[in-house]
1. For the stretch 73-91, name all the residues that are in a helix (DSSP H, G or I) and hydrophobic (A, V, I, L, M, F, W, C).
2. Kindly indicate which of Ala162, Ala97 is within 27 Å of Leu302 (Cα to Cα) and outside the structural domain of Arg261 (by TED's automatic domain parsing).
3. Considering (1) crowded, with 20+ Cβ neighbours inside 10 Å; (2) modelled with pLDDT under 95; (3) not basic (Lys, Arg), say which one Ala241 fails and leave the rest.
4. Please count how many residues of the stretch 166-185 are in contact with a strand residue (DSSP E or B) (Cβ under 7 Å, 6 or more places away or on another chain) and modelled with pLDDT of 95 or more.
5. Answer yes if at least one residue in the stretch 205-215 is surrounded by fewer than 18 Cβ atoms within 10 Å (Cβ to Cβ) and within 18 Å of Thr82 (Cβ to Cβ), and no otherwise.
6. Sort out which residues of the stretch 41-61 are in a loop (DSSP other than H, G, I, E, B) and surrounded by fewer than 16 Cβ atoms within 10 Å (Cβ to Cβ), and write them in order of number.
Amino acid sequence: MFATVPEAGDVPVSVAGRAPATVSGFAARRVLAILHKRKVDAAPLLRRAGLSDYNPDNRQQRISALSQARLFEYAAEAIGDTAFGLRLAQETDPREAGLLFYAVSAGKDLREALALFARYSRIVNDSVRVAIVPRAEGVTLTLNFLGVPRHRSKQNIEFGIAVVLKALREVSGRNIGPSRVRFSHLRITDLKEFDRFYNYRVEFGAPTDELDFGLDVLNLPLVTSDQYLLETLRPYCEEAAKARHTAAGSLRTLVENEIYRLLPHGRANVARVAKALGVSPRTLGRRLAEEGTNFAKLMDDLRRTLSLQYVREPNFTMAQIAWLLGYERSESFTHAFRRWAGQPPSQVRSASQTDSVDARVQNSGA
């Protein structure tokens, strides 16, 4: 009954080259709705995200998964909401996801609902790979996001996972909660709000994005169960899911996501990343060269991007940021930041300076 898929590191590098990951636009439409409600001009944000031609009224138009993730981040910045994804999810009706929600809601119990979600999730977002791993005391629902840089997708991922749980609560008629919640990105603000929503202490900076559910939750019957509806929808779901076989993304993105996972532990090196991707370091180097880059540049670029995110967090000390970026000493981080931004990180903490430094840091070369 349970669907399983490979972990991100198990995806062969050679599959890259097919169509890029896309999404139904369900989440993007919610972002635009809240921007309109807050009287924030969405046009500049859509242009920055690469969505100038997006028409939210066209429900058949799929958009880039990466562009949607960027839109979430830009909207969060424009509104000034550090927990934008979670709060947007709490205002969202899961029915807006369309076919996927109704198929999941027609299952017999939560166990079947999770299996249906794992099988058909790519209808809404084909950058997501869902695995259900059985455990003696329940299951672990693991989500991998392929073809999208994980470090640029925090708000979108927090929205998506919260909507999944909200949908499960809707179809079960219970305020259920997972027995463990883990996100691979870091967060040091709004923690109590996350804990309240999930009814559990949420762990950030974990190796994977996952939710654990106990047997008591899995066996709950769905108040929306309708086997006739499920059998009616199943052929449409199978056809829609079949059409959404996209590549895992460019090798660059796969490497970036592995570096991102390993950086805080000081373990990000070419040998470990190559092993995670199932290739030799020499092959990894050759294939990166074919994409016009190399491992050292990717790691430097990623550190540069993350450094700006972390420096904006006032509760992070420079020593903590250095550790998160894989530097042994804070002096090494400060030196690198000066190279990227032209000034020390302490000066960038001023909100009045962040915007002007942002473009310089993002566009500077190694």
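The values are calculated or read from the model by the stated rules, or taken from the named source; none is laboratory data. Values in this document were obtained by computation on a predicted structure and should not be read as measured data. For neighbour counting, all protein chains shown are included, and Cβ atoms are generated from backbone atoms with ideal geometry for every residue, glycine included.
1. Answer for the stretch 73-91, where residues must be in a helix (DSSP H, G or I) and hydrophobic (A, V, I, L, M, F, W, C): Ala75, Ala76, Ala78, Ile79, Phe84, Leu86, Leu88, Ala89.
2. Numbers: Ala97 fails: within 27 Å of Leu302 (Cα to Cα).
On inspection, the qualifying residue turns out to be Ala162.
3. (1) is the only condition that Ala241 fails.
4. Within the stretch 166-185, the first condition is being in contact with a strand residue (DSSP E or B) (Cβ under 7 Å, 6 or more places away or on another chain), and the residues that meet it are 178-185.
Adding the requirement that they be modelled with pLDDT of 95 or more leaves 178-183.
So the answer is 6.
5. Initial filter on the stretch 205-215 (surrounded by fewer than 18 Cβ atoms within 10 Å (Cβ to Cβ)): 205-208, 214-215.
Remaining after also requiring within 18 Å of Thr82 (Cβ to Cβ): 205.
Checked against the condition, which is being surrounded by fewer than 18 Cβ atoms within 10 Å (Cβ to Cβ) and within 18 Å of Thr82 (Cβ to Cβ), the stretch 205-215 yields at least one hit.
6. Keep residues of the stretch 41-61 that are in a loop (DSSP other than H, G, I, E, B), which gives 41-42, 50-61.
Selection gives Asp41, Gly50, Ser52, Asp53, Asn55, Asp57, Asn58, Arg59, Gln60, Gln61.
A quick yes/no check of all residues on (1) in contact with a Pro (Cβ under 9 Å, 6 or more places away or on another chain); (2) of a type in the set (Ser, Thr, Tyr); (3) surrounded by 18 or more Cβ atoms within 10 Å (Cβ to Cβ):
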site: Tyr260; (1), (2), (3): yes, yes, yes
site: Ala271; (1), (2), (3): yes, no, no
site: Ser280; (1), (2), (3): no, yes, no
site: Gly292; (1), (2), (3): no, no, no
